[in-house]
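These notes are about the structure you will find just below.
Taken together, the values in this text are just the output of simple stated rules run on the coordinates, not laboratory data. Being a predicted model, the structure only gives us computed values, none of them experimental. Every residue, glycine among them, receives a Cβ derived from its backbone with ideal geometry; neighbour counts consider all protein chains shown.
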Amino acid sequence: MKEKPHGIMFHYFHDDAAYKRGPGSLSAEDLERVIRYCQETYHLLSADEWLYKEKRGALDPRDVFLSFDDCIRSEYEIAYPVLQSYHLKALWFVYTSVFEGELEMLEVYRHFRWEMYGDMEAFYDDFFQTALCEQEALHLDIRDVMDRFDPAEHFRERSFYTDRDRMFRYMRDEILTEGRYNWLMDQLIRKKGYDIGANRRYLWITEQELKKIICTDGHIAGLHTHTHPTFTAGLSRERQEWEYGKNREVLERILGVSPACMAHPCNSYNADTLDILKGMGIETGFRATMGDGYTSRLEYARKDSTDVLNEMRGQKDLCL
Ligand SMILES: [Zn+2]
């Protein structure tokens, strides 16, 4: 693939203590390795420098920066001290409903899975077994869905997903959809005795911490919708306007500034989204994949950090 300026995208970090490892999660040491690799192989810039060059049309194809999505608490607890020690400023793409006292169940469910099951295979065993047992209540033929599922047809750009990761996401997003999926997860949470209220503090960065990152330490905040829909392209124009308008309003309240950049949650957007963002004066936007053929300033590429780790392993293998 031709080189082009892009961001590196991070989500979850583990320390094997308060934050358990899960699919795609990195340790502080992994982050340091990614930083050193990007310094050696690309031109790793602080996010403010990258955006400054972008605005002037002066980006080099090898210019990269680091970005942290979804105001996840392990990003602050584990990754942030590493960034500070390297004097690197990042872009933080923030969804804001959690600063208004709400819970985003996608994140609650992810934490529940990682905390209450030793590994993802144990969770998948329980999830698929419970879905099969409850298929009458769900009004679905789960056995037939599972038998017909072809993992090669789904999430091709997410190289780190296992076949069962793919089946789980397919079942959640396309078969069960939100209402039935939430109902099924509630059955599992009750069965396992997981306390959502007590675990909230491990999920998201607080308002004070976000203020410190952006206002005190000079990192950059970007829009990422208010409630983080998984399929923004399927939402009405009005709903999309509300998602980004509310997102900006809450960030302005917390930070006192209005972000000029954004990232598309779950890489989902359509022509309406781009039009709304332009109307809001958003200058720079980012996808969640490398993709090809996207030339607009609202569709810059980002590479998942686990793909960078794979790239590093590939180079190592070549050297052996
Ligand atoms: Zn996100």
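Across segment 68-147, Cα pairs under 8 Å and at least six residues apart give a relative contact order of 19 percent. The lysines whose alpha-carbon is closer than 20 Å to the alpha-carbon of K246, local same-chain residues fewer than 8 away aside, are K211, K278.
A dipole drawn for segment 114-253 from +1 and -1 charges on Cβ atoms has a positive end, and of A152, I213, F128 the residue lying farthest that way is I213.
The order of S258, S159, going from fewest to most other C-beta atoms within 10 Å of their C-beta, is S159, S258.
Dipole orientation for the chain: of the candidates V34, P61, I142, P61 has the Cα lying most toward the positive pole (charges on Cβ; Lys, Arg +1; Asp, Glu -1).
Ranking of H6, H154 by neighbouring Cβ atoms within 10 Å, starting from the fewest: H154, H6.
Positive-end ranking of G179, S46, T232 along the dipole of the chain, with charges on Cβ about the Cα centre, is headed by S46.
Remark on G222: its backbone amide H falls under 5 Å from those of W92, F93, V94, a criterion applied only to residues 5 or more positions apart or on other chains, H modelled at 1.01 Å from N. About its Cα centre, segment 24-156 has a charge dipole of approximately 820 debye under the convention of +1 per Lys or Arg Cβ and -1 per Asp or Glu Cβ, with nothing else charged. In summary, the lysines within cross-link reach of K192, defined as a Cα separation below 20 angstrom excluding same-chain residues under 8 places away, comprise K20. About the centre of its Cα atoms, the chain shows a dipole size close to 580 debye [charges on the beta carbon of Lys, Arg (+1) and Asp, Glu (-1) only; nearest 20 debye]. Entry note, the chain: the mean residue ellipticity at 222 nm calculated from DSSP H runs of n ≥ 4, each adding -39500 (n - 2.57), is -13000 deg cm²/dmol after division by the residues and rounding to the nearest 500. Counting only aspartates and glutamates at least 8 places from K303 when in the same chain, those with an alpha carbon closer than 15 Å to its own are E3, D63, D69, E157, D292, E311.
Label reach from A260 (point 7 Å along Cα→C-beta): in segment 1-32, amide nitrogens under 19 Å belong to 6-7. Structure remark: mean-square fluctuation, Gaussian network model of the chain, C-alpha springs under 10 Å; the largest value among I78, I213, I196 belongs to I196.
Summary of the geometry: segment 126-193 and segment 217-241, compared by the centres of their Cα atoms, lie 25 Å apart. Ordering F128, F168, F68 by the number of other Cβ atoms within 10 Å of each residue's own Cβ, fewest first, gives F128, F168, F68. Using C-alpha pairs under 8 Å with a sequence gap of at least 6, the mean separation divided by the residue count of the chain gives a relative contact order of 21 percent.
Normalised by 2.2 N^0.38 Å, where N is the number of residues, the C-alpha radius of gyration of segment 172-251 stands at 1.44. For R201, what charge total do you get from the other residues with a beta carbon under 14 Å from its beta carbon, if Lys and Arg give +1 and Asp and Glu give -1? Summing Lys and Arg as +1 and Asp and Glu as -1 gives -4.
If the only charges are +1 at each Lys and Arg Cβ and -1 at each Asp and Glu Cβ, what is the size of the charge dipole of segment 204-289 around the Cα centre, to the nearest 20 debye? The calculated dipole for segment 204-289 is roughly 60 debye. Working ranking of peptides 135-144, 31-40 by packing, defined as the average number of other Cβ atoms within 10 Å per residue, highest first, is 31-40, 135-144.
Considering segment 100-233 at the alpha-carbon level, its Rg and Dmax are found to be 17.3, 54 Å. In whole percents, the pair-distance distribution calculated for the chain from its alpha-carbon pairs, binned every 20 Å from zero, is 30, 60, 10. Given a Förster distance of 25 Å, report the FRET efficiency between E134 and E100 from their Cβ-Cβ distance, rounded to the nearest 0.05. Efficiency, from the Cβ-Cβ distance: 0.15.
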